[in-house]
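Nothing in this text is a laboratory measurement; each read-out follows from the coordinates by a stated rule. If you're wondering where the values come from, they're calculated on a predicted model, not measured in any experiment. Neighbour counts run over all protein chains shown; Cβ positions are idealised from the backbone, glycine included.
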Amino acid sequence: MTRVREATRADAAAIARLHRDNWRVAYRGIVPDDLLDAITEESRRQHWNGVLAQRDGTEFVYVAEDEEGRLLGIASGGPEAGGEARYHGELYVLHVRPDAQGRGIGRALVRAVAQRLAADGITTLLVWMLRENHPARRFYAALGGQFVREQPAMFEGIMLMDAGYGWLDTTALRQ
Ligand SMILES: CC(C)(COP(=O)(O)OP(=O)(O)OC[C@H]1O[C@@H](n2cnc3c(N)ncnc32)[C@H](O)[C@@H]1OP(=O)(O)O)[C@@H](O)C(=O)NCCC(=O)NCCS
């Protein structure tokens with residue numbers, strides 16, 4: 001049984017580890033090896049400590065865990081951050097451990113983010129991913145996301161290309 005719940009500050013270290021590990025696998029061949037290998041758990045921990053410590057923060061974080069409390073996936077979302085006119089909500093981060101993929105956990109985490117945004121009155125959703133991240137692109141297309149466009153984006157200090165997918169109505173995504 002997988003459970004999805006809102007993250008707490010106590011989750012920061014486990015989230016950081018999963019995030020670092022997943023980048024190294026999912027972005028291999030897209031992001032240069034030396035950059036990927038230089039990403040430390042500590043730098044990710046600082047990032048997530050900061051996000052989870054925000055008292056009035058607008059970014060919210062969800063985790064998926066198994067019955068023993070082992071972290072299987074993470075997602076974060078909040079207001080659309082880049083000024084894309086038609087979209088008001090954004091999925092900032094989504095990662096499922098490689099050995100837990102293909103079991104509906106990614107879909108459940110996107111649902112949690114979409115439901116949380118809808119509770120705040122936001123029923124549109126945008127997500128950006130690396131343009132060459134084809135498995136993620138297929139996943140978002142399977143969830144009904146429409147291709148928006150490509151744009152340059154900074155990833156850990158280097159310029160890469162992103163692809164955006166969006167939902168102008170998240171009703172189906174929330175069910
Ligand atoms: C992309 C990712 C989040 C998907 O999570 P997941 O738990 O494996 O996906 P789910 O099992 O919830 O799949 C949901 C649906 O998408 C489909 N899908 C998932 N991955 C797919 C792929 N690579 N190609 C085609 N369809 C895919 C599934 O078949 C499923 O469809 P169905 O419900 O109609 O059967 C996960 O693979 C991941 O963490 N990848 C590495 C990190 C990453 O790229 N994150 C996104 C960065 S923006």
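Miscellaneous remarks
- Hits in the stretch 97-114 - residues which are without any contact (Cβ under 8 Å) to a residue 60 or more places away in the chain and either away from the ligand (no atom under 15 Å from the Cβ) or surrounded by 22 or more Cβ atoms within 10 Å (Cβ to Cβ) (or both): GLY106, VAL113
- Enumeration of residues in the stretch 120-167 that are of a type outside the set (A, V, I, L, M, F, W, C), farther than 20 Å from ASP33 by Cβ and in contact (Cβ under 8 Å) with a residue 60 or more places away in the chain: GLY164, GLY166
- Residues satisfying the stated conditions in the stretch 134-175, i.e. among the charged types (D, E, K, R) and either part of a strand (DSSP E or B) or under 17 Å from the mean Cα position of the chain (by Cα) (or both): ARG137, ARG138, ARG149, GLU150, GLU156, ASP162, ARG174
- Whichever residue in the stretch 8-39 is over 28 Å from ARG131 (Cβ atoms) and in contact (Cβ under 8 Å) with a residue 40 or more places away in the chain and, among such residues, is nearest to the ligand (Cβ to nearest atom): ALA14
- Residues in the stretch 67-82 that are more than 25 Å from GLY166 (Cα to Cα) and either among the hydroxyl-bearing types (Ser, Thr, Tyr) or within 13 Å of the ligand (Cβ to nearest atom) (or both): LEU71 alone.
- All conditions in (1) without any contact (Cβ under 8 Å) to a residue 60 or more places away in the chain; (2) within 7 Å of the ligand (Cβ to nearest atom); (3) farther than 22 Å from ALA10 by Cα hold for LEU94, with the sole exception of (3).
- Restricting the stretch 120-157 to residues that are hydrophobic (A, V, I, L, M, F, W, C) and in contact with a His (Cβ under 9 Å, 6 or more places away or on another chain) leaves a set whose member that is surrounded by the most Cβ atoms within 10 Å (Cβ to Cβ) is LEU125.
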